[in-house]
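Data block below; observations after.
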Amino acid sequence: MTEDQIYAAIVEIISQTLDDKGLDVPEITPATEVLGDELGIDSLDLATLVSELEKKIGFDPFAKGFIEFKTVGELTKLYVR
Amino acid sequence: MRHVIVTGGSRGLGAVMIEGLLADGYRVSTCSRKKTDNIARLEAHPEYGPYFFWQACEVGEADQVDAFVEAAVAWAGDDGLWGLVNNAGVAQAGILASFPNVESERIIKINLLGTIQMARAASKVMLAQKPSENQGGRIINISSIIGTRGYNGLSAYSASKAGVDGFSRALARELGRRQITVNSVAPGYVATEMSSTLSPSQLKQIVGRTPLGRLADEDDILNAVRFFLSDGARMITGQTLIIDGGIST
């Protein structure tokens, strides 16, 4: 998948997650913090997001250890190969 | 059809659970280090064979665990993954002062680390399943009353099983919101190969102290697993169910 496709997939999953939780879906940009107050995503939602991305993209960038990231854009880059 | 992974299914309690769950109508995957005659028999079984999957995997080796779960889920297709029964385990007796460190490491690696690795791989699959597919899930960890009661000569084994119970409680809190339950089933002294680490006189003493007057058998454990896998257990998580004929009361 291209970087744009990965980014779109992440935004889609986050939007669906927020919708499932009954939360408003704000405008998401590459600078939006994944775990910040802005979105309302918690650690279980993030684990679900990472699991869904592994299913779609075929690998888990966190398999070999923690990698720090804050924003949707930084998370996207972890999946670019 | 609900798909359940049972680790360590080549013999003993695991083999009984696999056949019992196949008879109940589950799709069942299992792993073991080597294929046994029993595995080959189930693969060729006219009724169960199409719903049974086996792959070699050394529980405790993370890469092999991930590969096994991935292969099992791919085999199950749209059935995804409903349950995981962490059954694979080893027991070795010896007074700690003369017990080789390498044996303690092996026990912890297979019984505790292997359980954690399997649950990690399985929970990722369960979390990624859409509500329209297979909502929620079940993780059942086979521990032991030796984890809570202790037993002379089984200190490393006891530590591994106490760790499994603590792991169940914590993971239950993590996954509860997604309707994935996590529980331990803690057999007392079961008449299986695992209890062969105990001497005949120890076993006789245990039976004598058991209110129900016998050792549990594999079916007693299977029935507890059946219950935790069922919809009837949907409100139970983070618990350890002791199957010991009342010896620990």
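Structure notes:
- In the stretch A:1-25, the residues that are at negative phi form Cβ pairs under 6 Å with partners that are open to solvent by 50 Å² or more (accessible area, probe 1.4 Å) and not β-branched (Val, Ile, Thr), at six or more places apart or across chains, as follows: A:9/A:56.
- Whichever residue in the stretch B:165-182 is within 12 Å of chain A (Cβ to nearest Cβ) and basic (Lys, Arg) and, among such residues, is most open to solvent (accessible area, probe 1.4 Å): B:173
- All positions within the stretch B:118-164 that are closer than 23 Å to residue A:57 by Cα and either open to solvent by 20 Å² or more (accessible area, probe 1.4 Å) or polar (S, T, N, Q) (or both): B:120, B:123, B:124, B:125, B:129, B:130, B:131, B:132, B:133, B:134, B:135
Rundown of residues vs (1) assigned to a helix (DSSP H, G or I); (2) surrounded by fewer than 15 Cβ atoms within 10 Å (Cβ to Cβ), yes/no style:
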site	(1), (2)
A:28	no, no
A:31	no, yes
A:36	no, yes
A:41	no, no
A:48	yes, no
A:62	no, yes
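- Any pair with Cβ under 6 angstrom, 6 or more apart, that starts in the stretch B:218-237 at a residue that is more than 21 Å from residue B:191 (Cα to Cα) and ends at one that is part of a helix (DSSP H, G or I) and open to solvent by 50 Å² or more (accessible area, probe 1.4 Å): B:233/B:227
- If you go through the stretch A:42-81 and pick out every residue that is closer than 28 Å to residue B:179 by Cβ, within 13 Å of chain B (Cβ to nearest Cβ) and of a type outside the set (Phe, Trp, Tyr), you end up with 19.
Yes/no per residue for (1) of a type in the set (A, V, I, L, M, F, W, C); (2) outside any helix (DSSP H, G or I); (3) at pLDDT below 95:
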{"residue": "B:139", "(1), (2), (3)": "yes, yes, no"}
{"residue": "B:156", "(1), (2), (3)": "yes, no, no"}
{"residue": "B:201", "(1), (2), (3)": "no, no, yes"}
{"residue": "B:214", "(1), (2), (3)": "no, yes, yes"}
{"residue": "B:226", "(1), (2), (3)": "no, no, no"}
{"residue": "B:236", "(1), (2), (3)": "yes, yes, no"}
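The values are calculated or read from the model by the stated rules, or taken from the named source; none is laboratory data. It should be emphasised that the depicted structure is a prediction, and the values quoted were computed from it without experimental measurement. Here Cβ is always computed from backbone atoms with ideal geometry, including for glycine, and neighbour counts include all displayed protein chains. In case anyone asks, the SASA skips ligands and DNA or RNA and just uses the protein heavy atoms, side chains included. Shrake-Rupley method; radii C 1.70, N 1.55, O 1.52, S 1.80 Å.
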